[in-house]
Amino acid sequence: KHERREEARERYHDELLGLHDKEAADGNKQEKDEKHLQEVELMQKANVAGADTLFAIMFSTDPEAKNIEIISDRISEFTINYRDKFNSLLDTFRSEMLNNLKMKTNELEELDSTLMQSQLQNNNISKQLLKSFEKKKKQVLNSVKEVSESEEEDLKLLDELSKSLHSLGQQLIEIELNQTEAFAEVIEEFITNYKDLDCQEIIRTFFGNCRQAEQSYHLEVQSKLLQDADNKDKLDLNESTAERIREFLEDKDQVLNILQRSTEAHLTHIQTQEEILTKNEETRMKSQLEKVKLDEHARNRSRISEIHSFVERVKEEINEVYNFYLAGEETNQ
C-alpha cells in the first residue's frame, strides 16, 4: 500500500510539473504571437508589408523553379549572395519607412497640439465674455421679475440685454472667424510639411535597387551556366545528379530561355509590389490630408453652431420673461 501511495504521489507530482511546463509554453507562445502581430501591424502601418516576403515569393513561385532546381548547387553561391543583398536592402528600406512613419506621426501630433493650444486661448477669451454677459443677464432678469413701478424701465433693461446678447454673438463669431483664419494658416503649413514626407522616392529607390540586384544575379548565373555548358564534360559532379545537369546544359538556348523567363517573373513580382506600396502611399497621403481638412471644417461648423444655439436659447429666455411681464401687466389692467 505504501508503495502504491508513493507511486500515486509521484504521478501526481509529474502531472503537476507537466501542467506547469505546458502553461509556461502556452504563455510563451501567446507572447510570441502577440509580438508577431504587433510587428505585422507596424509593418503595415509603415507601408512595408509585402516587401519583407518578396524574395521568398519570387523564388517559390518561379515558373522555372523545377528546371533551376536541377542546377541549384551550381549557382547556390550566387543565390545566397543575392538573398543577403536583398536582406540588406530590405533592412535599409524598413528603417527608412519606419523613420518616415515616425516623422509623419510627429507632424500630426504637433498639429493637434498647436490647434488645441490656440483653441484653449480663444476659449478663455470667449469664457470671459460669456461670464460677463451671464452676470448682466442674471441681474436684469432678477430685476425685471421683481415688482416694479416702472414698466418703461423694465422694458428698457430687457431691450439692453437683447442688444448685449446680439453684441456678444457677434464678438464670439468674430473670435471664431479669426481663429478659423489662424487655423487655416497652421493647417496650410502642416500640409506643406506633411507632403514633404511623401515616401514614394524611398519606395522607388528600394525597388530600383531590387531590380539591379536581380539583374546582377541573372547575369552572374547566366555567365556561370554558359561557362559550365562549355565545360560540361569536365565538370566535377555528383554521380546522382551528373546526368541531369549535363542534359540541362546541353542546349545553351534552352538555358538562356529558362533564365530569362525566371528573371522576368522575378521582375514582375518586384514591379507589382512597388505599384502596391506606391498606391498605398498615394492613398494614405491623400486620405490623411483630406481628413485634416474635413476635421477642421467640421470643428468650425460645430463652434459656429454652438454660438448660434446659445444666442437663440438666451433669446427665448429673454422673450419668456418679456411675455411673462406683459401678461402680468395685462392682468393688472
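The values are calculated or read from the model by the stated rules, or taken from the named source; none is laboratory data. Because the structure is a prediction, the values reported are computed rather than measured. All Cβ positions, glycine included, derive from the backbone under ideal geometry; neighbour counts span all protein chains shown.
Annotations for the structure displayed:
Conditions (1) surrounded by fewer than 19 Cβ atoms within 10 Å (Cβ to Cβ); (2) touching a residue at least 60 places away in the same chain (Cβ under 8 Å); (3) in the same structural domain as Thr92 (by TED's automatic domain parsing), marked per residue:
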| residue | (1), (2), (3) |
| --- | --- |
| Gln200 | yes, yes, yes |
| Asn209 | yes, yes, yes |
| Gln212 | yes, no, yes |
| Leu219 | yes, no, yes |
| Gln222 | yes, no, yes |
| Glu239 | yes, no, yes |
| Leu249 | no, yes, yes |
| Asp253 | yes, no, yes |
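- When we screen Ile318, Ile245, Ile270 for residues that are out of contact with any strand residue (DSSP E or B) (no Cβ under 9 Å at 6 or more places or on another chain), of a type in the set (A, V, I, L, M, F, W, C), under 27 Å from Gln171 (Cβ atoms) and surrounded by 16 or more Cβ atoms within 10 Å (Cβ to Cβ), the only hit is Ile318.
- Criterion: touching a Phe, Trp or Tyr at 6+ places or on another chain (Cβ under 7 Å), on the phi < 0 side of the Ramachandran plot and not basic (Lys, Arg) - qualifying residue of Leu289, Leu267: Leu289
- Only one of the listed residues (Met97, Met103) is modelled with pLDDT of 95 or more, in a helix (DSSP H, G or I) and surrounded by fewer than 17 Cβ atoms within 10 Å (Cβ to Cβ). That residue is Met103.
- The one condition in (1) part of a helix (DSSP H, G or I); (2) closer than 30 Å to Leu101 by Cβ; (3) of a type in the set (D, E, K, R) that Asp154 fails to fulfil: (2)
- Residue match in the stretch 279-295 (condition: in contact (Cβ under 8 Å) with a residue 40 or more places away in the chain, closer than 21 Å to Gln170 by Cβ, surrounded by 14 or more Cβ atoms within 10 Å (Cβ to Cβ) and acidic (Asp, Glu)): no
- Checked against (1) without any contact (Cβ under 8 Å) to a residue 40 or more places away in the chain; (2) assigned to a loop (DSSP other than H, G, I, E, B), Glu185 meets all criteria but (2).
- Residues in the stretch 179-196 that are surrounded by 12 or more Cβ atoms within 10 Å (Cβ to Cβ) and either in contact with a Cys (Cβ under 7 Å, 6 or more places away or on another chain) or more than 30 Å from Glu281 (Cβ to Cβ) (or both): Gln179, Thr180, Ala182.
- Looking only at the stretch 63-94, and only at residues there that are exposed (fewer than 15 other Cβ atoms within 10 Å of the Cβ) and among the polar types (S, T, N, Q), the one that is nearest to Glu214 (Cα to Cα): Asn81
For every residue, the table says whether it meets (1) within 23 Å of Lys85 (Cα to Cα); (2) at pLDDT 70 or above; (3) of a type outside the set (Lys, Arg); (4) assigned to a loop (DSSP other than H, G, I, E, B).
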residue: Arg4; (1), (2), (3), (4): no, no, no, no
residue: Glu10; (1), (2), (3), (4): no, yes, yes, no
residue: His20; (1), (2), (3), (4): no, no, yes, no
residue: Gly27; (1), (2), (3), (4): no, no, yes, no
residue: Asp33; (1), (2), (3), (4): no, no, yes, no
residue: Glu39; (1), (2), (3), (4): yes, yes, yes, no
residue: Leu42; (1), (2), (3), (4): no, yes, yes, no
residue: Gly50; (1), (2), (3), (4): yes, yes, yes, yes
residue: Phe59; (1), (2), (3), (4): yes, yes, yes, no
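- Looking across the stretch 152-194, the residues that are among the polar types (S, T, N, Q) and within 24 Å of the chain's Cα centre (by Cα) come down to Thr192, Asn193.
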